[in-house]
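The values are calculated or read from the model by the stated rules, or taken from the named source; none is laboratory data. Model, not experiment: these values are computed from the prediction. Positions of Cβ are generated from backbone atoms using ideal geometry, with glycine treated the same way; all protein chains shown enter the neighbour counts. Calculation scope for accessible area: heavy atoms of the full protein, side chains included, ligands and nucleic acids excluded. Shrake-Rupley method; radii C 1.70, N 1.55, O 1.52, S 1.80 Å.
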Amino acid sequence: MASQKQPVFDISAVPAVAPAEDRPEIAQPVVPAPEPYSIPYPRSLGKPGKLWEYRTADGGLYGVVARWDLADGKKTIRPCIWNGQTWIMAGFGNDRPLYNLPAIAAHPGCPVLVVEGEKAADAAKAFVPDGWQVTCWSGGVAGMTYHDWTPLIGHPVVMWPDNDSPGVKAMADLEETLMEVGVGSAIVALPAGLPDKWDLADPLPRGRPSSITSLLSRTLQNVRVPETPSDGGGGDDPLPPPEVGIDRYIELRPLGYDKGTFFILGRKSKQVHAMTARALLTEAGLMELLPDRSHWDRRYGNDKGKIDWASAGSELMGQCYEAGVYDPDRLRGRGVWMDRKRVVLHLGEKLLVDGRDVDPVEIESEYIYECSQRLLREADLTTAATDAESKALRAVCNQLRWENPLYGDLLAGWVATAPVCGGLKWRTHAWVTGPAGSGKSTVVNKVAQAALGEAAIYPLGVSSEAGIRREIGLDARPVVFDEAEAGVGGEERRQAIIQLMRQAASDGAGRIIKAAAGSGSESFAIRSSFLLASIGVGIREAADETRTVVLTLRALDAEDDAGRAEQEQQWQNFLLACDRLPADLPQRLLARQIKLLPVLRENAETFARLIAAKLGNRRVGDQLGTLLAGTYSLATSTKISDEAAERYLDQYDWSEWTQTKAIREDTEIVRHLAAHKVRVDVGNGNVERTIGELISIALGYEAENTVMAGAANSILKRNGIRAENEPVAPDCPPRGVLIAIQHKTLDAIMRTSDYAQGYHRLLMRSEGAMLVQKPVRFAGVQSRAVFVPAKAFLG
């Protein structure tokens with residue numbers, strides 16, 4: 001880059017010349033001009049009041065613009081160029097560089113403010129948000145067409161016109177020019193009340209500099225990258241155009257508000273700060289939010305060095321109100337996610353978006369990626385596992401002694417999909433079981449752990465659902481759960497974990513809602529793939545059977561020494577194959593699966609569709625399709641055809657899955673309600689009963705001394721259910737159950753089912769069910785109801 005020295009003025013050395021109009025045909029500059037430079041100027045004007053240098057992107061001097069402010073209030077502006085022999089006053093020629101071009105070139109993708117004239121461009125630097133650059137063109141409005149605007153490609157552009165008709169028209173013309181070259185832009189809507197011809201170099205008529213800064217930031221929100229036609233050529237586009245829906249260089253990004261708390265994402269912390277109004281109005285609170293006094297001083301300081309902290313906080317609060325009510329569900333933790341059509345890997349301290357580094361604060365997304373602890377200590381994802389290495393992993397999975405030969409491929413499919421579980425439409429869980437000594441823990445320690453490394457969570461058998469849920473938090477990470485036995489008193493804990501797995505399986509909108517401290521609640525969505533290992537399998541409901549594959553290992557059942565020796569040799573070969581897996585396999589496998597994720601999702605849909613047609617069960621298709629797509633991804637990176645998938649499916653016996661019959665939705669809802677447990681106050685303590693048991697007691701089908709029929713029905717009513725021993729309408733069976741259509745407690749019970757939305761309509765499919773027109777009372781709550789005959793609950 002050419003050096004930028006102070007200009008030298010030497011009147012005696014250079015003769016005066018007549019000024020030339022700024023027309024490109026008069027002369028073409030020779031670039032770069034020599035430095036230090038000495039320019040001519042008319043003796044009648046004297047020394048210029050200001051000089052502005054125009055440089056090429058690499059810093060070479062292109063020309064100089066001189067300005068004289070005359071006594072009558074007018075101004076004279078003359079361009080000067082080097083013609084190869086001397087400096088002359090002449091137009092800048094064609095293909096002119098923009099003002100401040102080296103600074104723009106040094107900051108790819110930064111927002112750029114375009115103003116009219118060099119004086120306004122210099123003054124505007126005091127107003128723009130951090131990270132912005134300012135530019136203008138030379139030669140007045142007529143000179144706009146002689147400039148090269150392509151260096152602004154990839155930059156979001158905001159334009160500030162002079163406050164007059166020519167200024168507004170000039171920026172409108174420039175907007176069309178920028179659109180033609182593929183540059184997104186937006187024109188500032190000038191505030192009312194500005195003096196005629198006012199620009200950013202003039203004194204502020206009222207208000208603070210911060211109001212200009214905020215207006216620039218808001219205008220940036222309106223910038224959109226223009227669509228550009230494809231060049232038709234093949235190959236990859238490694239750097240798509242930057243996204244400019246947000247101000248990517250602002251230090252503080254207001255996210256919204258909720259009940260007196262304001263949520264702000266900080267550039268330095270890259271975390272969401274929850275601030276009270278009182279904290280935002282104080283120096284201590286704002287410095288905690290952004291410990292950079294110069295930032296606050298530039299925007300809210302006065303001539304006496306004082307900072308108006310209250311105004312700064314008030315403006316932030318206003319921006320939070322503009323952002324709307326804060327939605328914590330937008331937060332995403334570590335792991336792999338699909339964001340629109342992009343693959344996002346959140347590593348804790350940084351993001352990889354389609355393979356390139358992106359600051360978590362800068363990504364334009366409906367989601368918020370908050371920084372947290374580093375996910376992988378060794379995060380070198382530049383080298384992906386090769387086909388040969390991933391095939392070796394699949395071979396290891398198939399060397400175990402499985403009851404069904406397909407189980408090895410299903411385990412391989414789970415291992416292949418677990419690293420990218422957050423980016424899948426359907427997450428299938430796996431439960432490895434078998435007698436003692438069959439190798440269950442080895443699957444966890446030698447296969448899953450070797451393939452997933454630090455990316456996974458490894459709880460042990462005594463872990464609770466609440467503990468696992470809090471450990472996962474907002475992350476999309478696989479969970480490898482060894483020794484998942486029920487144990488004494490542990491079946492309830494294990495069933496709670498199975499419910500967590502059920503909710504994690506798909507990308508639906510449903511969330512688990514739990515009571516929190518005080519009278520509040522907390523909701524969460526899990527996006528994890530689970531692998532469990534135990535002797536016993538705790539799956540009870542059909543809904544869980546279609547979300548979890550049970551992979552059974554054979555016992556070491558040799559009866560003689562020769563057979564035992566052969567089995568021992570097979571085991572040693574398996575351990576040797578495990579030891580040959582590379583130490584960096586977790587990073588290499590993750591890198592491979594991230595690249596393959598879009599194809600993997602397509603292949604999962606292909607397998608799911610074909611399996612559903614083959615077995616007559618779409619749920620089983622989703623269950624197995626994801627795993628088989630994962631298995632296929634360990635062999636090749638290509639999209640599978642229907643014919644190839646059919647040939648693969650024909651290799652195996654699927655009778656085990658044909659036994660998983662599709663259960664009617666109304667029957668599944670009744671089962672879910674009947675199995676739900678509630679506590680009953682019996683005077684000297686509490687007892688636990690299922691809703692099915694309470695219905696049976698309330699309808700008189702069974703009796704017990706602990707809970708009477710009336711008490712049973714009272715508890716049911718509090719949960720939006722009412723037992724009826726008399727017909728509730730003509731042509732209605734005498735005994736049955738009323739299910740409230742609008743009842744918060746009942747809705748909460750159903751949120752953990754597959755049918756959280758619209759379950760009342762599905763209940764109408766039950767034989768003898770009917771809609772009750774008149775409102776029914778449920779322990780103080782009135783609601784319309786669906787009547788379901790008793791036999792649906794009691795058989």
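Based on this model, can you work out whether Ile77 counts as among the aliphatic types (A, V, I, L, M) and open to solvent by less than 60 Å² (accessible area, probe 1.4 Å)? The answer is no for Ile77. Considering only the range 335-382, state which residues are of a type in the set (A, V, I, L, M) and either outside any strand (DSSP E or B) or open to solvent by 70 Å² or more (accessible area, probe 1.4 Å) (or both). Answer for the range 335-382, where residues must be of a type in the set (A, V, I, L, M) and either outside any strand (DSSP E or B) or open to solvent by 70 Å² or more (accessible area, probe 1.4 Å) (or both): Leu347, Val361, Ile363, Leu375, Leu376, Ala379, Leu381.
For residues that are basic (Lys, Arg) and in contact (Cβ under 8 Å) with a residue 12 or more places away in the chain, scanning just the range 80-135, find the one that is most open to solvent (accessible area, probe 1.4 Å). Going through the qualifying residues, I end up with Lys119.
So which of Leu610, Leu615, Leu553 ends up being among the aliphatic types (A, V, I, L, M) and under 27 Å from Ala450 (Cα atoms)? Quick ask: steps written out before the conclusion?
On the way: Leu610 fails: under 27 Å from Ala450 (Cα atoms); Leu615 fails: under 27 Å from Ala450 (Cα atoms).
Of Leu610, Leu615, Leu553, the one residue that is among the aliphatic types (A, V, I, L, M) and under 27 Å from Ala450 (Cα atoms) is Leu553.
Residues in the range 747-756 that are among the aliphatic types (A, V, I, L, M) and assigned to a helix (DSSP H, G or I): Ala748, Ile749, Met750.
Comparison of Leu216, Leu255, Leu220 shows that the only residue that is crowded, with 18+ Cβ neighbours inside 10 Å, within 19 Å of the chain's Cα centre (by Cα) and either at pLDDT 85 or above or not aromatic (Phe, Trp, Tyr) (or both) is Leu255. Among the residues making up the range 173-209, those that are closer than 22 Å to Lys119 by Cβ and part of a helix (DSSP H, G or I) are Asp173, Leu174, Pro209. Counting the residues of the range 682-703 that are open to solvent by 50 Å² or more (accessible area, probe 1.4 Å) and part of a loop (DSSP other than H, G, I, E, B) gives 6. When the range 110-154 is filtered for residues that are within 19 Å of Leu51 (Cα to Cα), in a loop (DSSP other than H, G, I, E, B) and among the hydrophobic types (A, V, I, L, M, F, W, C), the ones remaining, listed by number, are Val115, Cys136, Trp137. Entry remark, the range 715-746: residues being assigned to a helix (DSSP H, G or I), more than 14 Å from Phe793 (Cα to Cα), open to solvent by less than 50 Å² (accessible area, probe 1.4 Å) and out of contact with any Gly (no Cβ under 6 Å at 6 or more places or on another chain) number 1 in total. Tallying residues that are in contact (Cβ under 8 Å) with a residue 60 or more places away in the chain, surrounded by fewer than 21 Cβ atoms within 10 Å (Cβ to Cβ) and either hydrophobic (A, V, I, L, M, F, W, C) or closer than 18 Å to Ala712 by Cβ (or both) within the range 778-789 yields 2. The sole residue among Thr428, Thr442, Thr417 that is open to solvent by 10 Å² or more (accessible area, probe 1.4 Å) and closer than 27 Å to Thr386 by Cα is Thr442. When Arg689, Arg647, Arg671, Arg679 are checked against the criterion of being farther than 28 Å from Ala496 by Cβ and basic (Lys, Arg), a single residue qualifies: Arg647.
Within the range 302-325, take every residue that is among the acidic types (Asp, Glu) and part of a helix (DSSP H, G or I) and give me the one that is nearest to Gly256 (Cα to Cα). I'd like the intermediate steps shown before the answer.
So in the range 302-325, the residues among the acidic types (Asp, Glu) come out as 303, 308, 315, 322.
With the extra rule that they be part of a helix (DSSP H, G or I), the set shrinks to 315, 322.
Numbers: Glu315: 13, Glu322: 7 Å.
My answer is Glu322.
Gly422: surrounded by 21 or more Cβ atoms within 10 Å (Cβ to Cβ) and either part of a strand (DSSP E or B) or within 17 Å of the chain's Cα centre (by Cα) (or both), yes or no? So Gly422 fits the description; yes. The conditions of being in a helix (DSSP H, G or I) and either in contact with a Lys or Arg (Cβ under 8 Å, 6 or more places away or on another chain) or at pLDDT below 90 (or both) are met by Gln623.
If the condition is being more than 40 Å from the chain's Cα centre (by Cα) and open to solvent by 20 Å² or more (accessible area, probe 1.4 Å), then the range 747-768 contributes Glu767, Gly768. Taking the conditions (1) open to solvent by 60 Å² or more (accessible area, probe 1.4 Å); (2) part of a loop (DSSP other than H, G, I, E, B) in turn, Ala385 satisfies each one other than (1). With respect to the stated conditions, Thr638 is of a type in the set (Ser, Thr, Tyr), assigned to a loop (DSSP other than H, G, I, E, B) and either at pLDDT below 95 or in contact with a strand residue (DSSP E or B) (Cβ under 7 Å, 6 or more places away or on another chain) (or both).
Farther than 30 Å from Glu704 by Cα and either assigned to a helix (DSSP H, G or I) or in contact with a His (Cβ under 8 Å, 6 or more places away or on another chain) (or both) - does that describe any residue in the range 666-680? It would help to see each step written out before you state the result.
As a first pass, look at the range 666-680 and keep what is farther than 30 Å from Glu704 by Cα: none.
The answer is no; no qualifying residue exists.
The numbered conditions (1) within 46 Å of the chain's Cα centre (by Cα); (2) crowded, with 21+ Cβ neighbours inside 10 Å are all true for Ala712 except (1).
Here's the yes/no breakdown for (1) over 30 Å from Pro734 (Cα atoms); (2) touching a helix residue (DSSP H, G or I) at 6+ places or on another chain (Cβ under 8 Å):
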site	(1), (2)
Ala629	yes, yes
Tyr632	yes, yes
Glu688	no, no
Arg718	no, yes
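May I ask you to list the residues in the range 562-601 that are part of a loop (DSSP other than H, G, I, E, B), under 30 Å from Arg356 (Cβ atoms) and open to solvent by 60 Å² or more (accessible area, probe 1.4 Å)? So that I can check it myself, show each step before the final result.
So the first thing to find is which residues in the range 562-601 are part of a loop (DSSP other than H, G, I, E, B), and the list is 580-584.
Keeping just the survivors that are under 30 Å from Arg356 (Cβ atoms) gives 581-584.
The answer is Ala583, Asp584.
Ala395 falls short on exactly one of the conditions (1) within 21 Å of Gln569 (Cβ to Cβ); (2) aliphatic (A, V, I, L, M); (3) surrounded by 18 or more Cβ atoms within 10 Å (Cβ to Cβ), and that condition is (3). Ala533 meets all of the listed conditions (1) touching a strand residue (DSSP E or B) at 6+ places or on another chain (Cβ under 9 Å); (2) at pLDDT 85 or above; (3) open to solvent by 70 Å² or more (accessible area, probe 1.4 Å) but one, namely (3).
Restricting to the range 401-420, name every residue that is closer than 30 Å to Gly563 by Cα and in contact (Cβ under 8 Å) with a residue 24 or more places away in the chain.
Answer for the range 401-420, where residues must be closer than 30 Å to Gly563 by Cα and in contact (Cβ under 8 Å) with a residue 24 or more places away in the chain: Arg401, Trp402, Glu403, Asn404, Pro405, Leu406, Tyr407, Asp409, Leu410, Leu411, Ala412.
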